[in-house]
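Below is one structure, written out as structure tokens, with a few remarks after it.
We did not get these values from a lab; they are worked out from the coordinates using the rules stated. Note that the structure is a prediction, hence the values are computed from the model and not measured. All Cβ positions, even for glycine, are placed from backbone atoms using ideal geometry, and neighbour counts span all protein chains on display.
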Amino acid sequence: MKNFLPKQYKSDSKIKFNHSYLVEQFSDYSKIFKKIENVVKRGDYTLGSEVDKFEKNIKKITKAKYAIGVGNGTDALYLTLKALNIGRNDEVITTPYTFIATVGSIVTAGAKPVFVDVKDDYNIDEYKIEKAITKKTKAIMPVHWSGRPCEMFKILAIAKKYNLKIIQDSCHAIQSKYHRRNLVEFGHACTYSMHPLKNLNIWGDGGFIITNKKKLAERIFLIRNHGLINRNLCKEFAYNSRLDSIQAVIANYKIKNKLNNITIKRIENAKHFDKILSKNINIKTVKRMKYLKEVFHLYQINVKKRDQLMKYLIKNNVDAKIHYPVPMHLQPAAKFLKYKKGDFPVAEKLCKTTISLPVHEFIRKKDVDKMAKLINAFYKN
């Protein structure tokens with residue numbers, strides 16, 4: 001057995017335009033080390049003052065009433081499901097175009113994921129949700145893919161009609177907005193990841209949950225820490241998923257000093273990509289809606305000759321990637337769900353035709369110009 005994860009964080013020195021930006025982003029690590037040193041001096045390691053500060057910071061930037069720091073984004077989804085008593089014999093509607101964690105959290109909670117196809121903007125098709133509802137359906141889990149909010153007015157109306165919970169997988173969507181409103185206003189909770197490759201990122205795993213519902217927040221606070229009321233009394237046997245104090249230091253530093261600029265730069269780079277690439281008949285960019293604030297965790301385009309283009313770009317120093325080549329319903333782990341090829345044609349097509357380009361804050365306008373020029377040149381040959 002070998003750990004394959006470290007490779008995704010490394011910048012290839014031979015490739016000029018990398019997806020990974022961690023070395024540059026944390027080049028001022030000495031400032032963070034000083035803050036970590038203060039935690040060590042205080043012995044403030046577990047659910048201490050830095051975690052309290054982090055949760056206050058998150059409430060401030062998301063306008064949520066409650067914020068709970070947890071171990072990672074997957075735990076954020078899982079704990080929310082458990083806190084809402086969703087489990088065995090229940091069904092949760094979600095998208096087949098997502099990362100493994102979305103579906104994994106539903107399955108490990110004991111529930112059954114039920115897929116609904118996506119639209120060409122990569123988000124769940126809100127007009128197909130109602131047909132997937134059964135007597136066993138307990139929740140809808142929309143994924144705000146790449147930081148583009150789903151159509152939450154329609155999803156909220158469906159949830160109210162059928163008395164369903166809404167758990168938003170917002171792991172790509174820190175600072176996203178829908179009709180100028182914060183995502184926490186829609187449904188029961190939003191869940192986030194602070195994985196090293198997310199927009200708000202840290203030096204390892206971390207996540208958080210935001211909600212405006214007091215009872216839900218109280219339950220999540222309880223079950224993220226073994227179900228303990230205090231050191232000696234346990235209200236319910238639960239889970240250990242506490243946000244690490246050291247990681248909270250890093251997150252607090254990022255929120256104060258970098259997050260706004262990260263969001264602004266990603267939006268600027270994406271707009272510039274759109275401006276150039278939307279003119280090419282071989283490329284389909286997502287139609288941007290004025291009522292959506294997208295934060296571009298990823299910048300994706302739908303293209304002809306995807307695999308050939310990817311090889312060409314890598315050869316020409318562009319770290320093009322695929323997010324992701326296999327939809328959830330066709331994963332080996334999903335065999336028990338008995339879906340088959342062709343069940344979700346839009347998701348399947350996107351997995352075959354979509355490519356991701358570097359869009360992070362260290363990509364300059366002239367870098368976007370060079371990458372776009374290469375793409376246009378590929379289709380002229």
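Okay, here's what the table says:
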read-out: Amide H partners (placed H, <5 Å) of CYS234, local residues excluded; value: ILE229
read-out: Difference of contour (0.36 nm per residue) and Cα-Cα distance, VAL326 to ASN381; value: 16.9 nm
read-out: Euclidean distance between Cα centres, segment 118-175 to segment 29-82, Å; value: 27
read-out: Amide H contacts under 5 Å for ASN240, placed H, 5+ residues apart; value: HIS226
read-out: Unit charges on C-beta of K, R, D, E only; dipole of segment 29-257, Debye; value: 800
read-out: Within the chain, longest stretch clear of exposed chymotrypsin sites (Phe, Trp or Tyr not before Pro) (DSSP loop, no more than 11 other Cβ within 10 Å); value: 5-236
read-out: Per-residue ³J(HN,Hα) for segment 287-292, Karplus 6.51 cos²θ - 1.76 cosθ + 1.60, θ = phi - 60°, Hz, x for Gly and Pro; value: 5, 8, 9, 4, 7, 10
read-out: Percent RCO, i.e. relative contact order, over the chain, from Cα pairs under 8 Å lying at least 6 residues apart; value: 21
read-out: Full-stretch length increase - ILE100, LYS290 - with 0.36 nm per residue and alpha-carbon distance subtracted; value: 65.4 nm
read-out: Qualifying trypsin sites (Lys or Arg not before Pro) in segment 237-302, DSSP loop, other Cβ atoms within 10 Å at most 14; value: LYS279, LYS287, ARG288, LYS290
read-out: Two-site label geometry, LYS335 and VAL40: point separation in nm, points 7 Å out along Cα→Cβ; value: 4.9
read-out: Computed helical MRE - 222 nm, the chain, DSSP H runs ≥ 4 contributing -39500 (n - 2.57), nearest 500; value: -11500 deg cm²/dmol
read-out: Net charge of Cβ neighbours under 11 Å - reference LYS82; Lys, Arg +1; Asp, Glu -1; value: 0
read-out: Distance in nm between pseudo-label sites at ASP120 and SER49 (7 Å out along the Cβ direction from Cα); value: 5.5
read-out: Residue-count net charge about LEU243 - beta-carbon cut-off 12 Å; Lys, Arg +1, Asp, Glu -1; value: -3
read-out: In Å, descending, principal axis extents of the Cα set of the chain; value: 71, 55, 47
read-out: Choice from LYS311, LYS53, LYS41 with maximal GNM fluctuation in the chain (Cα, 10 Å cutoff); value: LYS41
read-out: Rounded to whole Hz, the Karplus (6.51, -1.76, 1.60) HN-Hα couplings of segment 205-218, x for glycine and proline; value: 8, x, x, 7, 10, 10, 7, 9, 9, 4, 5, 5, 4, 4
read-out: For segment 362-379, Karplus couplings with θ = phi - 60° (6.51, -1.76, 1.60), whole Hz, Gly/Pro x; value: 9, 8, 8, 4, 5, 5, 4, 4, 5, 5, 5, 4, 5, 5, 5, 5, 4, 7
read-out: Separation of alpha-carbon centers, segment 303-373 and segment 197-262, rounded to whole Å; value: 31
read-out: Beta bridges per DSSP with both ends in the chain, % antiparallel, nearest 5; value: 65
read-out: 16 Å reach of a label modelled at LYS60, 7 Å along Cα-to-Cβ, counting backbone N of segment 210-229; value: none
read-out: Volume of the Cα convex hull of segment 145-257, divided per residue and given in Å³; value: 126
read-out: Modelled label reach - ALA132, point 7 Å along Cα→Cβ, segment 95-113 residues with backbone N closer than 16 Å; value: 95-107, 111-113
read-out: Subset of LYS154/LYS271; LYS128/LYS304; LYS290/LYS373; LYS53/LYS119; LYS254/LYS279 violating a 30 Å alpha-carbon distance limit; value: LYS53/LYS119; LYS254/LYS279
read-out: Amide H contacts under 5 Å for THR98, placed H, 5+ residues apart; value: MET328
read-out: Residue among VAL107, VAL359, VAL70 with the largest mean-square fluctuation in a Gaussian network model of the chain, springs linking Cα atoms under 10 Å; value: VAL107
